[in-house]
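Here the structure comes first, spelled out in C-alpha cells, and everything after it is commentary.
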Amino acid sequence: MSNDSSSEIEVAGAHEIEHALRRTDIDPRAAKRAERQVAIMFGGSVLASILFVVAFVSVKSTAVVNVPLIGLIGLQNLTLGLASGLGLFLIGAGATHWARKLMSDEEIVDERKSFASDDETREAVVESFQTGVEESGVMKRPLIRRTLLAALALMPIPAIVLLRDLGPLPETKSRETLWRKGSRIVTDISYRPIKPEDIPLGGLVAGALPADLLKVEEEEGNLNQRAKAAIILVRMAPDEIRSQQIQDGDFQGILAFSKICTHLGCPIALYEQRTKHLLCPCHQSTFDLADDGNVIFGPSARRLPQLAIEVDKEGYLVAKEGFQEPVGPSFWERG
Amino acid sequence: MSTTQRAVATTPTWIDDRIGAGKWLKKNLRKVFPDHWSFMLGEIALYSFILLLLTGVYLTLFYNPSMKEVVYNGSYAPLNGIKMTQAYESTLRVSFDVRGGLLVRQVHHWAALLFVAAVSVHMLRVFFTGAFRKPRELNWVIGVGLMTLAILEGFAGYSLPDDLLSGTGLRIAQGIVLAIPLVGSYVSSFLFGGEFPGTDFIPRLYSIHILLIPGILLGMLTAHLLLVWYQKHTQFPGPGRTNTNVVGYPLLPVYVAKAGGFFFIVSGIITLIAALFSINPIWQYGPYTPDQVSAGSQPDWYIGWLDGAVRVIPNWETVLWGHNISWNILLPALIIPGIMFTLLALYPWVEAKATGDKREHHLLDRPRNAPTRTGLGVMALTFYVLMWISGGNDIIAQAFSWSINSITWTIRVLLIVLPPLVFVITRRACMGLQRRDRDKLLHGRETGIIKRMPSGEYLEVHAPVSSATRAKLVASRESDYAPIEAPPAVDANGVKAPKKRRSGVKLSNFYFANRVIPPTDEEIEEGQHHAAGDLETVRPSGQITSGH
Ligand code: HEM
Ligand code: FES
C-alpha cells in the first residue's frame, strides 16, 4: 500500500534562497550602534521597574489627571501602568532589535519527512494490532464484547445523577409570584406605597414591587422573588385603552404590567408616552400597553402579562389578584 | 573562561547528564521556524493567554465569589451604604483599595478581548491559506475547540463581578437555557441551585472560570503547540521553499529572541492600553439587581454576533399540546451557532472530499489560488459581521436616527442576499487575480515601456518576472488539483452509480467550477524567454521611450 506522500507535489523549489547583507553585517560601527541601542532599551526597562516601585509607594490612589484626548484617569493606574507597560515593552523591543540587527539573518533549510511510515512498518503495525485483537478474543466472544459496551454506555449515568442535587426541581415556581389579592404596590427604590393621584395622566412608575418583598428577601437571602415580581405602572386616559388582558384590570386608566421581558427576562423600562409603547433595552422587543401588552416588534413571541389592580381602603394601589399567566421568558412546560 | 561562558558551555551537558536529552537537543536547538507577519497571530493569542493566567491568579487573591449580600463601605463614595453581593464588593475593592489592582483587572480584561480577537484572526489566516489541509486537520479541530472555549471563558469571567451589566447578561443566558426543549427548566434550576438568580451561580461559575475551562484550554493549547512543533510550521511559497522543506530562522538564537521578545511586546502593549483606557468600569453600572437595567448596554465584542442573531430573528414560537418551542431563541442562540461551529470543524474534510486531494500540504495557498474556499470564507465572514452589526442595532438607530424596525428588516434581507453575492464576487475576483498571475508567467510582467513596431503599432514591452515572483506564482499549481471525474450515471453493466459518489462529484464540480489552469513549465519557459527577447530589443539600443 503506498501512501500519498508530499513528494508528489513539485513546486518552484529550484530557486535559491535569497540573502542580502545588512549594514550591521558590513559596518562594525553600525553593529556597535545597534548594540548600544539594544542596551539602551534594556536599560530603560530597568529604570521603568524602579519607577514602578516609586509610583507604587508615592502616588495617592485618589489623585486624577486629565490626559488629552482620553479624559480624566486615576494617576495611580496611569503611572503604574505606564511604568510596567514600558518595562515589559522595552525588553521585547530590545530583544527584537538584537535579533534583527545583530543575530545572523541567514535562513537555513530543514528537510521534511512524510509523516506516514514506510509500507513495511505499516504492515507490521497492522499485523501487531490484529494479533493483539485476536489474542484478546474480543471478536470471538460477543458476550464479553456486548456486556462491556453496555457497561461503558451506562457508566456516565452515575456521573449525571451525581449532578441531581445541584438544585431543587423546578416545580411550578416559575408560575408563581408574590402578588396576591390585596398586595400593596410600592415603589422600587424607596418602598413607598402609591396612591392613584401620585401618577399623572401619561405618567409612568418605572419600577414597583409588592410591599412584602423586602421581608421575603430578608428570609430567603436571595433576589429570586424580585426577579419575578417587578412591575411597571402607566396611566392613560381610560378611553385610550383599546384592549386589556383582564376585564377592568386597570384602575381609572392605571395599568400594571410585568416588568420582566417575555423574551429573555430583561427588566423593561423605556416607555414612550405618546405611542404607549414599551421597549426592552436588551433586544428591542416592543409592547403596546394600550393593546393587551401585545408584541408589536422584536424577537419576543408573547405579550407582557398584566396585573389587575384596585385600591384598598386607605386608597393605596393594590393587586386585585395574582398574575394570571407566568411572567418572564418561555419555557417548555409553559403552555 | 568567565563564569558566564562556563555556564553557557556546561548547561547542555548538565542537562544531558541528567535526562539524556542530547539527541533531542541536537536535533531541535537549531529547529527551523518560517517567518511571516501572519504567523504572529497565533503567538499573540498564546501570549495574551499567558498574561490572562498570570493576572487571573492575582485577581483570585482579592476577588470573593460569593453572592451573600453586604452593605458597601469603601473608597468609592457614590456606592457607600448600598446593598450588593460580596462578588461585586470585592471587585470594587480590587479596583479602589488595592494599589495596582485596577491595573491588573484592566490588563486581565484587555488581554481577554485581545485573546479572543487573536484566536479569531489566527483562525482566518489558517483558513484562507489552507493550512488546515492534510496533515493538519487535527490541529484545526483543536483550534475550533480552543476558540469555542475562549468565548465561553470570556463570558464566564465577564459575569463574575456581578455588576448590573454582567448580571443582565446572565439573565439572558438563563432565559436561553429555559428555552431548551424538555429539560430547560430543570437545567436552569440545577445550574442556579433553584430560581434565578439564587446564590449558588457565581461560586459555581468561578470554579468553571478559574479551574475547569483554563485547565482544558491549557491542555488543548499544549497539544496544539506540540503538533505545530512536531509537524513543523507551514510556509508561504517563495524561492527555495518547497513542499518538502522548511526555510527560516533557527530556534536558537533568532526565534527565541524574536518570539520571547514578542511576548514582552504583547504584554507591554496590553499593559499600556490598560494604563490609558478604562475597560468595564463596573462601579458606574452599580450592583446587579434583577429589576433594573441600563439602556444601550453592550456585551464584550465576541458575544456581539450572538446578541445580534438573537435580535434579528423573527418572533417565532410554536405551542404544541401545552409545550413551547421557542424558535426565536433556539435558532439564534443554539441551533445556528451549533451549525456554524460544526461546519467550521468539519471544513477540512468537506474540502478534501471536493478536491479528492490526499496529499500532504506544507506550502500555504495564496487565497486567490483557492477561489471557492476563499469565496466561502468571505461569505461566512459577511454573515458573521452582519449579525455582529445587528447586535448594535440600537446604537446605529441612535447615531443615525433610523428606526430599529427598518434596520432590523434591512439586516434580515442582507443576511440572506449578501453572503451568496459576496461569495460569487470573491470567487470571480480570485479568478481574475489568478488569470493575471497566469499572464505574468506566460508573457512576462508589464514594464510600462512602449515600443513602436515596424508596422507602426505601439506595444508594451514585457520583461521576465523575478525568480522570487516566479516561485510565488508557480505555487498556484499546488493548489490546483484535477477535479474528480464525473462517473457515468449508469455504468457499462447497467448499474447505477451510488448516490454518494454522485454527490461527491457534484461537490467537486462546484468547487472547481471555472478553474484557472496554471501553465506548465514549458509554457512558462517559452513565455519568459519571449519576454526576455522582448526586453532585449529595447534595452541595448537605448531608444526606449518609457512612460509615454
Ligand atoms: C482564556 C482565559 C481567560 C479569559 C478570556 C478571562 C476573561 C475574564 C474577564 C473578561 C473577566 C472580567 C474582568 C472585569 O472586567 O472585571 C474576568 C474576571 C476574572 N478572572 Fe478571568 N479570564 C481568563 C482566565 C482566568 C484565569 C486563568 C484566572 C485565574 C486563575 C482568572 C481569574 C479571574 C478572576 C478572579 C476574575 C474576577 C475578578 C474581577 O473581575 O476583578 N481568569 N476574566
Ligand atoms: S430580553 Fe427583552 S427583548 Fe430580549
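Quick one: in region B:274-295, which of the residues that are at the interface with chain A (Cβ under 8 Å from one of its Cβ atoms) and not in a loop (DSSP other than H, G, I, E, B) is surrounded by the most Cβ atoms within 10 Å (Cβ to Cβ)?
Of everything passing the filter in region B:274-295, B:Ala274 is surrounded by the most Cβ atoms within 10 Å (Cβ to Cβ).
Is one or more of the residues making up region A:74-93 farther than 30 Å from B:Lys258 by Cβ and away from chain B (no Cβ under 12 Å)?
No; the residues of region A:74-93 include none that is farther than 30 Å from B:Lys258 by Cβ and away from chain B (no Cβ under 12 Å).
Suppose the filter is more than 16 Å from ligand 1 (Cβ to nearest atom) and in the same structural domain as B:Glu69 (by TED's automatic domain parsing); does B:Ala259 pass it?
On the way: more than 16 Å from ligand 1 (Cβ to nearest atom): yes; in the same structural domain as B:Glu69 (by TED's automatic domain parsing): yes.
Yes: the conditions hold for B:Ala259.
What about B:Thr447, is it polar (S, T, N, Q), in contact with a strand residue (DSSP E or B) (Cβ under 9 Å, 6 or more places away or on another chain), under 30 Å from B:Leu178 (Cα atoms) and open to solvent by less than 70 Å² (accessible area, probe 1.4 Å)? Don't jump to the end; show me each part of the working.
Numbers: polar (S, T, N, Q): yes; in contact with a strand residue (DSSP E or B) (Cβ under 9 Å, 6 or more places away or on another chain): yes; under 30 Å from B:Leu178 (Cα atoms): no; open to solvent by less than 70 Å² (accessible area, probe 1.4 Å): yes.
Considered against the rule, which asks whether it is polar (S, T, N, Q), in contact with a strand residue (DSSP E or B) (Cβ under 9 Å, 6 or more places away or on another chain), under 30 Å from B:Leu178 (Cα atoms) and open to solvent by less than 70 Å² (accessible area, probe 1.4 Å), B:Thr447 comes out as no.
For B:Ser159, which of the numbered conditions (1) touching a strand residue (DSSP E or B) at 6+ places or on another chain (Cβ under 6 Å); (2) polar (S, T, N, Q); (3) within 16 Å of ligand 1 (Cβ to nearest atom) fails to hold?
Checking B:Ser159 against (1) touching a strand residue (DSSP E or B) at 6+ places or on another chain (Cβ under 6 Å); (2) polar (S, T, N, Q); (3) within 16 Å of ligand 1 (Cβ to nearest atom), the one that fails is (1).
From B:Leu227, B:Leu205, B:Leu212, which residue is in contact with a helix residue (DSSP H, G or I) (Cβ under 6 Å, 6 or more places away or on another chain), within 28 Å of B:Glu137 (Cβ to Cβ) and open to solvent by 10 Å² or more (accessible area, probe 1.4 Å)?
Values: B:Leu205 fails: within 28 Å of B:Glu137 (Cβ to Cβ); B:Leu212 fails: in contact with a helix residue (DSSP H, G or I) (Cβ under 6 Å, 6 or more places away or on another chain).
The conditions single out B:Leu227.
Evaluate the following for A:Ala227: is it surrounded by fewer than 17 Cβ atoms within 10 Å (Cβ to Cβ) and either at pLDDT 95 or above or outside any loop (DSSP other than H, G, I, E, B) (or both)? Before the answer, list the steps.
Working: surrounded by fewer than 17 Cβ atoms within 10 Å (Cβ to Cβ): no; either at pLDDT 95 or above or outside any loop (DSSP other than H, G, I, E, B) (or both): yes.
Answer is no for this residue.
I need the full set of residues from region A:289-307 which are open to solvent by less than 10 Å² (accessible area, probe 1.4 Å) and away from chain B (no Cβ under 11 Å), in order please.
A:Leu289, A:Ala290, A:Gly293, A:Leu304, A:Pro305, A:Gln306, A:Leu307 - these are the residues of region A:289-307 that are open to solvent by less than 10 Å² (accessible area, probe 1.4 Å) and away from chain B (no Cβ under 11 Å).
How many residues are near ligand 1 (Cβ under 6 Å from one of its atoms) and of a type outside the set (Val, Ile, Thr) if we restrict to region B:47-63?
First, pick out the residues of region B:47-63 that are near ligand 1 (Cβ under 6 Å from one of its atoms): B:49, B:52-53, B:56-57, B:59-60, B:63.
In the following step, the residues that additionally are of a type outside the set (Val, Ile, Thr) were identified as B:49, B:52-53, B:56, B:59, B:63.
Number satisfying all stated conditions: 6.
Name the single residue that is modelled with the lowest pLDDT among those in region B:336-393 being of a type in the set (S, T, N, Q), out of contact with any Gly (no Cβ under 7 Å at 6 or more places or on another chain) and open to solvent by less than 40 Å² (accessible area, probe 1.4 Å). Working first, answer last.
Kept after step one, since they are of a type in the set (S, T, N, Q), are these residues of region B:336-393: B:342, B:355, B:369, B:372, B:374, B:382, B:390, B:393.
From what is left, the residues that are out of contact with any Gly (no Cβ under 7 Å at 6 or more places or on another chain) are B:342, B:355, B:369, B:372, B:374, B:382, B:393.
Pick out the ones that are also open to solvent by less than 40 Å² (accessible area, probe 1.4 Å) and you get B:355, B:369, B:372, B:374, B:382, B:393.
Details: B:Thr355: 88, B:Asn369: 91, B:Thr372: 95, B:Thr374: 97, B:Thr382: 98, B:Asn393: 91.
Top of the filtered list is B:Thr355.
Taking the conditions exactly as written (of a type outside the set (Val, Ile, Thr) and over 23 Å from the mean Cα position of the chain (by Cα)), does B:Leu53 satisfy them or not?
Values: of a type outside the set (Val, Ile, Thr): yes; over 23 Å from the mean Cα position of the chain (by Cα): no.
For B:Leu53, the condition - of a type outside the set (Val, Ile, Thr) and over 23 Å from the mean Cα position of the chain (by Cα) - is not met.
Looking at B:Phe263, B:Phe236 in this structure, which one is open to solvent by 40 Å² or more (accessible area, probe 1.4 Å), in contact (Cβ under 8 Å) with a residue 12 or more places away in the chain and either polar (S, T, N, Q) or farther than 29 Å from B:His108 by Cβ (or both)? Please lay out each step first, then the result.
Values: B:Phe263 fails: either polar (S, T, N, Q) or farther than 29 Å from B:His108 by Cβ (or both).
After applying the criteria, what remains is B:Phe236.
Looking only at residues that are open to solvent by 10 Å² or more (accessible area, probe 1.4 Å), in a loop (DSSP other than H, G, I, E, B) and more than 8 Å from chain B (Cβ to nearest Cβ) in region A:261-288, which one is nearest to B:Asn405 (Cα to Cα)?
Applying the filter and picking the extreme gives A:Thr275.
Restricting attention to region A:214-224, and to residues there that are among the hydrophobic types (A, V, I, L, M, F, W, C) and under 21 Å from B:Asp200 (Cβ atoms), which single residue is surrounded by the most Cβ atoms within 10 Å (Cβ to Cβ)?
Taking region A:214-224 first, the residues among the hydrophobic types (A, V, I, L, M, F, W, C) are A:214, A:216, A:223.
Checking the rest, the ones that are also under 21 Å from B:Asp200 (Cβ atoms) come to A:216, A:223.
Details: A:Val216: 15, A:Leu223: 23.
This residue is A:Leu223.
Could you tell me whether region A:186-196 includes any residue that is in the same structural domain as A:Glu314 (by TED's automatic domain parsing), open to solvent by 70 Å² or more (accessible area, probe 1.4 Å), free of Cβ contacts under 8 Å to residues at least 24 places away in the same chain and assigned to a helix (DSSP H, G or I)?
no
Only one of these conditions is not met by B:Phe196: (1) over 29 Å from B:Pro367 (Cβ atoms); (2) open to solvent by 20 Å² or more (accessible area, probe 1.4 Å). Which number is it?
(2)
Name every residue in region B:158-190 that is at the interface with chain A (Cβ under 7 Å from one of its Cβ atoms), open to solvent by 10 Å² or more (accessible area, probe 1.4 Å), of a type in the set (A, V, I, L, M, F, W, C) and within 17 Å of A:Thr172 (Cα to Cα), in order of residue number.
B:Leu178, B:Leu182, B:Phe190
Show the residue pairs that are 6+ apart or on different chains and have beta-carbon atoms under 6 Å apart, the first residue being within region B:322-349 and at the interface with chain A (Cβ under 10 Å from one of its Cβ atoms), the second being open to solvent by less than 40 Å² (accessible area, probe 1.4 Å) and in a helix (DSSP H, G or I).
If the second residue must be open to solvent by less than 40 Å² (accessible area, probe 1.4 Å) and in a helix (DSSP H, G or I), the pairs left are B:Ile329/B:Ile176; B:Pro332/B:Ala309; B:Pro332/B:Val310; B:Ala333/B:Ile176; B:Ala333/B:Val310.
Output the residue which, of all residues in region B:92-101 that are at negative phi and in a loop (DSSP other than H, G, I, E, B), is farthest from ligand 1 (Cβ to nearest atom). It would help to see each step written out before you state the result.
Just the residues of region B:92-101 that are at negative phi, to begin with: B:92-99, B:101.
Filter once more, keeping what is in a loop (DSSP other than H, G, I, E, B): B:97-99.
Working: B:Asp97: 13, B:Val98: 10, B:Arg99: 15 Å.
The selected residue is B:Arg99.
If you go through region B:54-67 one residue at a time, do you hit one that is within 13 Å of chain A (Cβ to nearest Cβ), of a type in the set (Ser, Thr, Tyr) and in a helix (DSSP H, G or I)? Lay out the reasoning, then the answer.
Applying the first criterion (within 13 Å of chain A (Cβ to nearest Cβ)) to region B:54-67 yields B:54-55, B:58, B:66-67.
Restricting the remaining residues to those that are of a type in the set (Ser, Thr, Tyr) gives B:55, B:58, B:66.
Then keep just the ones that are in a helix (DSSP H, G or I); that gives B:55, B:58.
Yes, some residue in region B:54-67 is within 13 Å of chain A (Cβ to nearest Cβ), of a type in the set (Ser, Thr, Tyr) and in a helix (DSSP H, G or I).
Please specify each residue of region B:282-309 satisfying the condition of being without any contact (Cβ under 8 Å) to a residue 40 or more places away in the chain and of a type in the set (Asp, Glu).
Scanning region B:282-309 gives a single hit, B:Asp291.
Could you grab the pairs with beta carbons closer than 8 Å, sequence gap of 6+ or different chains, first residue in region A:253-265 and closer than 14 Å to A:Asp188 by Cβ, second one away from ligand 1 (no atom under 16 Å from the Cβ) and polar (S, T, N, Q)?
Close Cβ pairs (under 8 Å, with a partner that is away from ligand 1 (no atom under 16 Å from the Cβ) and polar (S, T, N, Q)) amount to A:Ala256/A:Gln306; A:Ser258/A:Gln306.
Given the condition away from ligand 2 (no atom under 16 Å from the Cβ), touching a strand residue (DSSP E or B) at 6+ places or on another chain (Cβ under 7 Å) and over 15 Å from A:Arg235 (Cα atoms), answer yes or no: does some residue in region A:270-292 qualify?
no
Could you check how many residues of region B:301-328 are open to solvent by less than 20 Å² (accessible area, probe 1.4 Å), out of contact with any Ser or Thr (no Cβ under 6 Å at 6 or more places or on another chain) and away from ligand 2 (no atom under 13 Å from the Cβ)?
Matching residues across region B:301-328 total 3.
Kindly indicate which of B:Val121, B:Val141, B:Val126, B:Val104 is near ligand 1 (Cβ under 10 Å from one of its atoms) and in a helix (DSSP H, G or I).
B:Val104
Taking region B:75-91 only, how many residues are open to solvent by less than 30 Å² (accessible area, probe 1.4 Å) and either without any contact (Cβ under 8 Å) to a residue 60 or more places away in the chain or within 9 Å of ligand 1 (Cβ to nearest atom) (or both)? Step through it out loud before you land on a result.
To start, the set of residues in region B:75-91 that are open to solvent by less than 30 Å² (accessible area, probe 1.4 Å) comprises B:79, B:84-85, B:87-88, B:90-91.
If we keep only those that are either without any contact (Cβ under 8 Å) to a residue 60 or more places away in the chain or within 9 Å of ligand 1 (Cβ to nearest atom) (or both) too, we end up with B:87, B:90-91.
Residues that pass the stated criteria total 3.
If B:Ile270 meets every condition in (1) within 16 Å of ligand 1 (Cβ to nearest atom); (2) over 30 Å from A:Lys101 (Cα atoms); (3) in contact with a Phe, Trp or Tyr (Cβ under 8 Å, 6 or more places away or on another chain) apart from one, which number is that one?
Unmet condition: (2).
The values are calculated or read from the model by the stated rules, or taken from the named source; none is laboratory data. These numbers come from a predicted model, not from an experiment. Quick reminder, even Gly has a Cβ in these numbers, built from the backbone with ideal geometry, and neighbours come from all protein chains shown. Note: areas computed on protein heavy atoms with side chains; ligands, DNA, RNA excluded. Shrake-Rupley method; radii C 1.70, N 1.55, O 1.52, S 1.80 Å.
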